[in-house]
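The values are calculated or read from the model by the stated rules, or taken from the named source; none is laboratory data. Just so you know, these numbers come straight off a predicted model, no measurement behind them. Reconstructed Cβ throughout: ideal geometry from the backbone, glycine too, with neighbour counts over all protein chains shown.
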Amino acid sequence: MTNRQWLLARRPTGALTRDCFTLATAPSRSGQGAPGEVLMQWELLLCAPTIRNWISGKADAWHPVSPMGEPVLAPAIGRIIESNHADFAVGQRLFGLGSWQDEQWVDPTAGYSPIADDVSSVDAMGVYGINALTAWVGLVEVGKPQPGEVLLVSGAAGSVGSVVAQIGRIKGLRVIGIAGGADKLAWLRDDCGIDHLIDYKSEDVAARLDELCPEGIDIYFDNVGGDILVAAAARLRQKARIVLCGQIAAYDGGGPIVPPPIDMMRIIYGGVRIEGFLVTHHPHCVPQALADLAAWNGAGQLAHREDVRAGFEALPDTLALLFKGANQGTLLARISDGAGNPL
Ligand SMILES: NC(=O)c1ccc[n+]([C@@H]2O[C@H](COP(=O)([O-])OP(=O)(O)OC[C@H]3O[C@@H](n4cnc5c(N)ncnc54)[C@H](OP(=O)(O)O)[C@@H]3O)[C@@H](O)[C@H]2O)c1
């Protein structure tokens with residue numbers, strides 16, 4: 001078997017384009033692992049907006065940085081096809097930091113999680129995946145929601161945002177979702193049970209917020225940043241929380257993402273808490289989060305959709321869909337089938 005790779009050819013300065021990457025083929029690295037390593041064959045790659053940050057080469061980053069000329073880093077699920085570790089058998093599936101290539105030697109003890117046999121790879125990336133856990137941690141642990149509070153979620157039809165909105169609904173909050181386009185709003189309303197919705201592409205977000213929550217916002221779960229963050233911050237109640245999950249509107253800008261103009265004295269006088277987070281900052285939450293997600297999913301209370309695009313060669317175009325709003329839920333690239341055949 002050969003090892004297909006997408007290598008980082010240049011660090012993008014604006015929107016992602018295919019020429020940021022080079023398609024290459026390397027010989028299989030079978031038999032070349034160090035003691036304790038396992039050879040993964042990747043099956044599903046998560047197309048996460050933050051990969052755009054990882055390839056930007058920002059200095060002093062607190063996130064992984066994709067090296068130039070190397071396969072692009074990405075969260076991945078794959079199967080062990082060779083093992084130099086007594087505790088990790090051939091055939092076991094693992095989730096963790098992978099890269100845009102078919103196979104890769106990794107240290108399985110360095111942050112990789114086994115996938116249970118009764119969970120499909122798509123569910124392990126989707127309804128039980130890192131984005132769903134992010135939603136739980138961000139809303140429940142960071143946001144500290146109380147029944148009856150007003151929760152505003154941007155990117156509400158996306159992988160993280162749709163779970164945030166539904167956890168808010170389940171926990172008795174009054175949820176307002178912001179997303180782009182009638183199809184996404186219809187899915188949020190009809191499948192996710194979110195009644196209060198704003199289409200930021202065709203509506204005036206500030207005016208709609210004034211209509212939908214004249215009393216103000218208790219929690220703003222921010223996936224987007226920019227103008228929507230400005231509109232939300234101007235409408236906070238006292239003791240509100242801004243949960244900073246992502247700033248996707250600014251990822252293509254290059255350089256540091258500067259805060260938009262917000263009246264900081266309202267933040268101070270209102271006792272508002274602004275907190276950024278990663279799910280990895282709160283590992284103690286993961287068992288409860290997984291238990292809740294399983295219970296809600298089992299009870300039919302949690303709508304989710306995974307947008308699986310097959311084909312290794314399409315990877316750069318697949319990742320770019322996120323920044324055009326062209327994904328419908330958790331965006332996954334399938335590069336091999338369940339039997340290990342490359343796609
Ligand atoms: N803190 C963490 O641990 C963590 C973990 C995972 C993800 N995140 C962050 O969470 C956010 C959502 O990630 P995801 O994986 O769930 O992606 P997603 O929401 O499934 O997909 C991205 C969506 O963002 C929206 N979008 C794209 N460009 C935009 C723009 N310029 N302005 C407004 N909206 C825009 C689009 O939806 P519309 O069609 O509705 O515009 C697009 O479909 C990202 O900011 C990501 O970096 C953070």
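Here Ala135 fulfils each of the conditions (1) more than 16 Å from the ligand (Cβ to nearest atom); (2) surrounded by 21 or more Cβ atoms within 10 Å (Cβ to Cβ) apart from (1).
Scanning the stretch 1-32 for residues that are away from the ligand (no atom under 16 Å from the Cβ), of a type outside the set (S, T, N, Q) and surrounded by 18 or more Cβ atoms within 10 Å (Cβ to Cβ) yields Arg4, Trp6, Leu7, Leu8, Cys20, Phe21. Scanning the stretch 103-140 for residues that are within 24 Å of Val38 (Cα to Cα) and either charged (D, E, K, R) or in a helix (DSSP H, G or I) (or both) turns up Glu103, Asp107, Asp117, Asp118, Ser121, Val122, Asp123, Ala124, Met125, Ile130.
You will find that of Gly57, Gly69, Gly91, the residue that is outside any strand (DSSP E or B), at positive phi, within 22 Å of the chain's Cα centre (by Cα) and away from the ligand (no atom under 16 Å from the Cβ) is Gly57 and no other.
Quick check: anything in the stretch 239-259 polar (S, T, N, Q), over 30 Å from Asn341 (Cβ atoms) and surrounded by fewer than 14 Cβ atoms within 10 Å (Cβ to Cβ)? Among the residues of the stretch 239-259, not one is polar (S, T, N, Q), over 30 Å from Asn341 (Cβ atoms) and surrounded by fewer than 14 Cβ atoms within 10 Å (Cβ to Cβ), which makes the answer no.
Taken over the stretch 322-343, the criterion of being surrounded by fewer than 18 Cβ atoms within 10 Å (Cβ to Cβ) and either assigned to a strand (DSSP E or B) or modelled with pLDDT of 95 or more (or both) is satisfied by Phe323, Lys324, Gly325, Ala326, Gln328, Pro342, Leu343. The criterion of at least 3 residues that are farther than 22 Å from Pro75 by Cβ, within 13 Å of the ligand (Cβ to nearest atom) and not β-branched (Val, Ile, Thr) is met, among helices (runs of 4 or more DSSP H) falling completely within the stretch 223-314, by 226-233. Across the stretch 151-180, the qualifying residues are those that are surrounded by fewer than 24 Cβ atoms within 10 Å (Cβ to Cβ) and not in a loop (DSSP other than H, G, I, E, B), and the one among them that is farthest from the ligand (Cβ to nearest atom) is Arg174.
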